[in-house]
Amino acid sequence: MTASPEQVARFRRLHESGCFVMPNPWDAGSARALAEMGFQALATTSSGFAWSTGHADNTVGLDLTLKHLRLIAAAVDVPVNADFQSGYATRPEDVAANVALAVETGVAGLSIEDFSGDPAEPLFEFGLAVERVRAARTAIDETGSGVVLTARSEGFVWDRPDLDETIRRLQAYSEAGADCLYAPGITSLEHVASIVAAVAPKPVNLLIHTPFTTVAEAAQLGVRRISVGGALAKTAWHGFLDAAREIAEDGTFSRFAGLPDLNGLLGS
């Protein structure tokens, strides 16, 4: 089932002005908690979800991902953006087929990245990368859903920190039909400002997974959308591991003090 037209329209409106934070839950409970806090949209996280299944990022397949997207989209009333990685395919026509399946899960947006899966040559060749974005755009348009397409360039994630190449790719992805542009891994505010200017008037998503800036600073740079990737999931894992380590090593339970009332939070 596709997202409702009203939900997709609401998600699109969020990208038109101002700056909004779209945090990343990793399961239905964390999604509901974030929605209860008043966030206007959410995004899935491939890493956070993978860790919850006992696996590393980039190892969970298409079928399990589609099931996860349906679960998150059904858990909340706010728009959900799908971290759809590289489309779970290489060829543009296969990306298109998988994007059509993702649209059917009820998400209001999805992202396609240019990571090839090969650490030696981590980015798809430029022409192929552009065609993959164009194929995703066509697939969405053929559904008539209006789902928001975000195109990601992964050079700064995979040790290819070339700002000029990143901008070249994002501009080409914009021309190929991406609604929003995204270069995860960038922590230089000067680089952020350059990307915002280069792809204007298209909106830019900024990943904040370390405390290098604030929402107010990002908004001043013209960033429209902020996500946190797997950082919230890591924060939860950090608390869990610290508490378990204390039990294993010291036999004490000090971290069990002041715990939240999750039944109260999620019982409504």
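Annotations
- For the range 212-241, the set of residues classified as among the aliphatic types (A, V, I, L, M) and in contact (Cβ under 8 Å) with a residue 24 or more places away in the chain consists of 215, 218, 219, 221, 223, 226, 228, 231, 232, 233, 236, listed by residue number.
- Residue match in the range 194-204 (condition: modelled with pLDDT of 95 or more and under 15 Å from the mean Cα position of the chain (by Cα)): yes
- Residue within the range 37-44 that is surrounded by 13 or more Cβ atoms within 10 Å (Cβ to Cβ) and farther than 28 Å from residue 202 by Cβ present: no
- Test: residue in the range 75-82 that is touching a helix residue (DSSP H, G or I) at 6+ places or on another chain (Cβ under 6 Å), over 22 Å from residue 41 (Cβ atoms) and either touching a residue at least 60 places away in the same chain (Cβ under 8 Å) or buried (at least 20 other Cβ atoms within 10 Å of the Cβ) (or both): no
- Those residues of the range 88-104 which are closer than 24 Å to residue 5 by Cβ and either more than 16 Å from the chain's Cα centre (by Cα) or without any contact (Cβ under 8 Å) to a residue 60 or more places away in the chain (or both), in sequence order: 96, 97, 98, 99, 100, 101, 102, 104
- Listed by position, the strands (runs of 3 or more DSSP E) enclosed by the range 174-256 that each have at least 3 residues that are within 15 Å of residue 154 (Cα to Cα) are 180-182, 204-207.
- Every condition in (1) assigned to a loop (DSSP other than H, G, I, E, B); (2) free of Cβ contacts under 8 Å to residues at least 40 places away in the same chain; (3) surrounded by 24 or more Cβ atoms within 10 Å (Cβ to Cβ); (4) of a type outside the set (Gly, Ala, Ser) is met by residue 160 except one, and the failing one is (3).
- Of residues in the range 111-157 being of a type in the set (D, E, K, R) and free of Cβ contacts under 8 Å to residues at least 40 places away in the same chain, the one nearest to residue 176 (Cα to Cα): 141
- Leading residue by the ranking (surrounded by the most Cβ atoms within 10 Å (Cβ to Cβ)) among those in the range 52-73 that are of a type in the set (Gly, Ala, Ser) and in contact (Cβ under 8 Å) with a residue 40 or more places away in the chain: 73
- Looking across the range 115-157 at every residue that is at pLDDT 95 or above and at positive phi, the one that is surrounded by the most Cβ atoms within 10 Å (Cβ to Cβ) is identified as 146.
- Search result, residues across the range 1-30 that are hydrophobic (A, V, I, L, M, F, W, C) and within 18 Å of the chain's Cα centre (by Cα): 3, 8, 11, 14, 19, 20, 21, 22, 26, 28
The values are calculated or read from the model by the stated rules, or taken from the named source; none is laboratory data. Small disclaimer: the values here were computed from a predicted structure and weren't measured. Note that we place each Cβ from the backbone using ideal geometry, even for glycine, and neighbour counts take in every protein chain shown.
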